[in-house]
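The values are calculated or read from the model by the stated rules, or taken from the named source; none is laboratory data. A quick note: this is a predicted structure, and the numbers were derived from the prediction, not measured. Cβ placement follows ideal geometry from the backbone for every residue including glycine, while neighbour counts extend to all protein chains displayed.
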Number of protein chains: 2
Amino acid sequence: MMELTPRIIEELIENKQYARLRSILNEENAVDISNIFSDISEELLPIAFRLLSKELAAEIFVEMESEQQQVLIKSFSDTELKNVINELYDDDMVDIIEEMPANVVKRILANANSQTRASINELLKYASDSAGGIMTTEYVRLQPTMTVEQAFERIRRVGVDKETIYNCYVTDEEKKLLGVVSVKDMLLSDYDRPVEQIMETNVIYANTTEDKESVANKIKNYGFLALPVVDLESRLVGIVTYDDAIDVISSESGEDMQIMAAITPSDAPYLKRSAISIYKSRIPWLLLLMISATFTGLIISSFESALAASVALTAFIPMLMDTGGNSGSQSSVTIIRGLSLGEIGFGDIFRVIWKEIRVSVLCAVTLAAAGFVKIVLVDMMLIKTSSLTLDKDSFLVAAVVCITLAVTVIVAKFIGCTLPIIARKIGFDPAVMASPFITTIVDAISLLLYFLFAWTIIPGL
Amino acid sequence: MMELTPRIIEELIENKQYARLRSILNEENAVDISNIFSDISEELLPIAFRLLSKELAAEIFVEMESEQQQVLIKSFSDTELKNVINELYDDDMVDIIEEMPANVVKRILANANSQTRASINELLKYASDSAGGIMTTEYVRLQPTMTVEQAFERIRRVGVDKETIYNCYVTDEEKKLLGVVSVKDMLLSDYDRPVEQIMETNVIYANTTEDKESVANKIKNYGFLALPVVDLESRLVGIVTYDDAIDVISSESGEDMQIMAAITPSDAPYLKRSAISIYKSRIPWLLLLMISATFTGLIISSFESALAASVALTAFIPMLMDTGGNSGSQSSVTIIRGLSLGEIGFGDIFRVIWKEIRVSVLCAVTLAAAGFVKIVLVDMMLIKTSSLTLDKDSFLVAAVVCITLAVTVIVAKFIGCTLPIIARKIGFDPAVMASPFITTIVDAISLLLYFLFAWTIIPGL
């Protein structure tokens, strides 16, 4: 089979070979087509899109970038728009609407049927990072007294529009959640048993306001296909499916990584983003961190006389700063990861601090000892240009460096483990408290300690 | 309902209230019990475990940490071990075996039935980070001429032992993959249609040797419940299910984060790890990075005379190093993320470099301009202790700092975007090329540039 490329599609359109293109497109997978469509010119895109079958068109539409969705919606007639809207799952529709300008949203809602409009409006009530914001209202609901046979009849009748049919939810008349039953359990059971006899009654669920990361962790940890979402009165209002959980886990860890590297997070693929957009997501943080480095400059200026008296001290500044920064970010990244997996909570803060203190003392002693040996062997004996030799003054400098190193590592790990937990507690994203900010704080502290110890230990400074 | 805790279980065992504990345990979810069991003392664990039903015991066993699994296996009679082994899915069994010492593996294989032993030996052939290494051989296979009704009969007969029944795979007599059909499609179709009429024939699959990250990305991007795995002769040999994909995505991003923060990655929950084990995963990198900072110290020592002549130069070293490091890690983290999502490949290296050059020039100009304004306003005019005043020499220092800043940012971003791509190409994990290593390299380069520019621009240095 020939590999389909954007160029081939454009050529077929330009040569008006619509029938051929239609048969090629309707053979392909929706995700693959949406990737190819993302590189087609804006004028030809609506033409290609019109060649798709109704179901495929909706599947592809939902996978496309927001800008392209807008181009298409503008080119759609009202009938075409209706077709797409009514084929889409309601949670996907809500995700699309959240990215659209107000006039487009108005047109979408005007063309949705009353049931779709109602469920869109319902879902738009919830914060987009909550269980309510990512759930779908399209699930299969069963009555407890139905037999398996009746349940399958119901699935055959209503299943085509549901996001998953494999987990069905059993409720009473007030929609209170009684249990969950899987198609597997039903297929493997006698067809005349009532579902209440085979359903799982110890149901794990989420509340509508629960954070989406916590919902995704539940789906991951329990290995569920879908998690039911209930409101304050324990009524079933929707479900979150495993594919949403995968998206949340993947994009949250991507966001964390970007924030940790001092980048405003973006989900857009790197190669599709403009240089200006990438610049905008990076420059504010670089500026902020550059300005905050004023403090380290200030500290060094204040100790000018000490540095002039012993230039050897200057040579160790980068090593002290880097080791402090690395020690701190080791702790902060570990704790941020634990927080986002739900393994660590605010209640664990003292256990975390106690563990980090033990780890940091071990690291501090090892590094100080290794540092001392390295200074004596390399800087004093090996490197002839170094201002350090095997005399008492040089040993005092080595002592100052190693004591500062040890104390900095302990302080850095303490800051690195506490700041993220405190940030989460007061409602900030813990990832902000990662490497660059920890480094800036630890830089200033390590320099202050350095000059303090130098003053105390080296006579005549 | 009372919240179940490790303490309650231990008390019930000590008071010999086995019947009560049995009924409590068999009400709970396997994942929850395995979490609680992880805090029970080693002597009482086997007693608690024996109270579980056969199915629940297997489900819980697979969720437990490797050390606890060993404790249990040691306490098992051969019959108990047989029960657990034969209830487990073969891919889970292989994961467990890979963590066990040889004598335990021998005992497990001796107690497995011949079919289980054959599929374990088959799966052990594949690298644990390949599609073959994470797949299961327990899937439902159908013949193309079967009707939907016959397919459901087959599922009811063989489905209980399969990891998923919701995607069924249609093969010819040689096990060549012909198509995939979902239970949903079958439930919604006429029961007397042959599956070959409703199956999807354009099947997306993985090869046995394909990297597990690539397999997980396929499942994520296509939203699949499971992905079929075929051998070199296109014969179906297994499937990878969505829950394995979630685990891969979550643990790969966790690994990347840890490697980026200079930590040897571990999947074990933070609070369950000993201080010594955490220390061991951190100290080698801290030592390595500390030793490599020798170069920065060397560079500073070589320019001692310049620093002695103009102490103001020293004050800007931390700012230059931090900004360079931050710029570089912004690029490297972005590229590492793109590589692991499969958005960027080696073939894109020149597009990436061209984009990063444009971004870095924009950042460099902005930072240099802002840095110059900041030095004039803050260091020259505001801070009285600073050695910089509004004279020509101070402006020359400011010029040196800002030119170095600009060039460093461009160099840092170039290194930050190319190293991870090259690392991937030559078979290393790109994450290793993140922050700490980039920082160490960029530190040395920025210092060299700094002194070079100072020498050229400031007369009499």
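Counting just the residues of the stretch B:370-423 that are outside any helix (DSSP H, G or I) and of a type in the set (Gly, Ala, Ser), which one comes out nearest to A:Pro284 (Cα to Cα)?
So the residue we want is B:Ser386.
Given the conditions (1) surrounded by fewer than 19 Cβ atoms within 10 Å (Cβ to Cβ); (2) touching a residue at least 40 places away in the same chain (Cβ under 8 Å); (3) among the small types (Gly, Ala, Ser), report the number of the one that B:Gly427 does not fulfil.
(2)
Which of the residues spanning the stretch A:1-33 are outside any helix (DSSP H, G or I) and either loosely packed, with under 14 Cβ neighbours inside 10 Å or on the phi > 0 side of the Ramachandran plot (or both)?
Passing the criteria: A:Met1, A:Met2, A:Glu3, A:Thr5, A:Asn15, A:Lys16, A:Gln17, A:Asn26, A:Glu27.
Give the residues of the stretch A:321-355 that are farther than 21 Å from A:Phe428 by Cα and surrounded by fewer than 24 Cβ atoms within 10 Å (Cβ to Cβ), sorted by residue number.
Scanning the stretch A:321-355 gives A:Arg351, A:Trp354, A:Lys355.
Quick check on my filter: what residues within the stretch B:189-224 are buried (at least 22 other Cβ atoms within 10 Å of the Cβ) and farther than 19 Å from B:Asp129 by Cα?
B:Val195, the sole residue that qualifies.
If you go through the stretch B:383-399 one residue at a time, how many are within 14 Å of another protein chain (Cβ to nearest Cβ) and hydrophobic (A, V, I, L, M, F, W, C)?
Total meeting the criteria: 4.
Output the number of residues of the stretch B:246-256 satisfying the condition of being over 18 Å from A:Ser331 (Cβ atoms) and either assigned to a loop (DSSP other than H, G, I, E, B) or more than 7 Å from chain A (Cβ to nearest Cβ) (or both).
4
In this structure, does B:Asn26 turn out to be more than 28 Å from A:Ile344 (Cβ to Cβ) and within 14 Å of chain A (Cβ to nearest Cβ)?
yes
Do we have any residue at all in the stretch B:300-316 that's of a type in the set (Gly, Ala, Ser) and either modelled with pLDDT of 85 or more or not assigned by TED's automatic domain parsing to the domain that holds B:Cys402 (or both)?
yes
Is it the case, given these coordinates, that B:Leu236 is at the interface with chain A (Cβ under 7 Å from one of its Cβ atoms) and not small (Gly, Ala, Ser)?
no
Scan the stretch A:211-234 for residues that are of a type in the set (Asp, Glu) and either assigned to a helix (DSSP H, G or I) or under 20 Å from the mean Cα position of the chain (by Cα) (or both) and report the count.
2
Can you name the residue in the stretch A:310-328 that is touching a Pro at 6+ places or on another chain (Cβ under 8 Å) and in contact (Cβ under 8 Å) with a residue 40 or more places away in the chain and is also farthest from B:Phe437 (Cα to Cα) among such residues?
Filtering first and then ranking leaves A:Ile317.
Hey, could you check the stretch B:257-272 for residues that are buried (at least 17 other Cβ atoms within 10 Å of the Cβ) and facing chain A (nearest Cβ under 9 Å) and say which is farthest from A:Ala406 (Cα to Cα)?
Selected residue: B:Met257.
Restricting to the stretch B:317-344, name every residue that is assigned to a loop (DSSP other than H, G, I, E, B) and at pLDDT 90 or above.
Scanning the stretch B:317-344 gives a single hit, B:Ile344.
Which members of the stretch A:85-115 meet the condition of being among the small types (Gly, Ala, Ser) and over 15 Å from A:Ile73 (Cα atoms)?
Scanning the stretch A:85-115 gives a single hit, A:Ser114.
Can you name the residue in the stretch A:186-210 that is part of a helix (DSSP H, G or I) and in contact with a helix residue (DSSP H, G or I) (Cβ under 9 Å, 6 or more places away or on another chain) and is also modelled with the lowest pLDDT among such residues?
Looking at residues that are part of a helix (DSSP H, G or I) and in contact with a helix residue (DSSP H, G or I) (Cβ under 9 Å, 6 or more places away or on another chain), I get A:Leu187.
In the list A:Asp211, A:Asp190, A:Asp161, which residue meets the criterion of being within 11 Å of chain B (Cβ to nearest Cβ) and either in contact with an Asp or Glu (Cβ under 8 Å, 6 or more places away or on another chain) or among the aliphatic types (A, V, I, L, M) (or both)?
Being within 11 Å of chain B (Cβ to nearest Cβ) and either in contact with an Asp or Glu (Cβ under 8 Å, 6 or more places away or on another chain) or among the aliphatic types (A, V, I, L, M) (or both) holds for just one of A:Asp211, A:Asp190, A:Asp161, which is A:Asp161.
I'd like to know if the stretch A:279-286 contains one or more residues that are touching a residue at least 40 places away in the same chain (Cβ under 8 Å), more than 7 Å from chain B (Cβ to nearest Cβ), basic (Lys, Arg) and assigned to a helix (DSSP H, G or I).
No, the stretch A:279-286 contains no residue that is touching a residue at least 40 places away in the same chain (Cβ under 8 Å), more than 7 Å from chain B (Cβ to nearest Cβ), basic (Lys, Arg) and assigned to a helix (DSSP H, G or I).
Within the stretch A:46-53, can one find any residue that is within 26 Å of A:Ile134 (Cα to Cα), among the β-branched types (Val, Ile, Thr) and either surrounded by fewer than 18 Cβ atoms within 10 Å (Cβ to Cβ) or out of contact with any strand residue (DSSP E or B) (no Cβ under 8 Å at 6 or more places or on another chain) (or both)?
For the stretch A:46-53, residues within 26 Å of A:Ile134 (Cα to Cα), among the β-branched types (Val, Ile, Thr) and either surrounded by fewer than 18 Cβ atoms within 10 Å (Cβ to Cβ) or out of contact with any strand residue (DSSP E or B) (no Cβ under 8 Å at 6 or more places or on another chain) (or both): absent.
Would you pick out the residues in the stretch B:301-314 that are over 19 Å from A:Ser302 (Cβ atoms) and either at the interface with chain A (Cβ under 7 Å from one of its Cβ atoms) or among the β-branched types (Val, Ile, Thr) (or both)?
Within the stretch B:301-314, B:Ser301, B:Ser302, B:Glu304 meet the criteria.
I need every pair where a residue in the stretch A:342-359 that is at the interface with chain B (Cβ under 10 Å from one of its Cβ atoms) and within 15 Å of A:Ser332 (Cβ to Cβ) has its Cβ under 6 Å from the Cβ of a residue that is surrounded by 16 or more Cβ atoms within 10 Å (Cβ to Cβ) and of a type in the set (Lys, Arg), sequence separation at least 6 or different chains.
Final answer for the pair search is A:Glu356/A:Lys413.
For the stretch B:83-98: of the residues being under 23 Å from B:Glu55 (Cβ atoms) and acidic (Asp, Glu), which is farthest from the chain's Cα centre (by Cα)?
This residue is B:Glu87.
If a residue has to be within 12 Å of chain A (Cβ to nearest Cβ) and closer than 19 Å to A:Gly328 by Cα to count, how many in the stretch B:412-439 make the cut?
Result for the stretch B:412-439: 7.
Could you list, in sequence order, the residues of the stretch B:115-127 that are loosely packed, with under 15 Cβ neighbours inside 10 Å and within 30 Å of B:Val183 (Cβ to Cβ)?
Correct list: B:Gln115, B:Ala118.
With (1) closer than 27 Å to B:Ser114 by Cβ; (2) under 24 Å from the mean Cα position of the chain (by Cα); (3) away from every other protein chain (no Cβ under 14 Å); (4) buried (at least 16 other Cβ atoms within 10 Å of the Cβ) as the list, and B:Met64 as the residue in question, which single condition is left unmet?
Condition (3) is where B:Met64 drops out.
I'd like the full set of residues that are in contact with an Asp or Glu (Cβ under 6 Å, 6 or more places away or on another chain) and of a type in the set (A, V, I, L, M), limited to the stretch A:234-290.
A:Val237
Taking the criterion of being surrounded by 23 or more Cβ atoms within 10 Å (Cβ to Cβ), closer than 19 Å to A:Asp129 by Cα, modelled with pLDDT under 90 and not β-branched (Val, Ile, Thr), would at least one residue in the stretch A:230-242 satisfy it?
no
Residues A:Arg117, A:Arg141: which one is in contact with a Leu (Cβ under 6 Å, 6 or more places away or on another chain) and of a type outside the set (Phe, Trp, Tyr)?
Residue meeting the stated conditions: A:Arg117.
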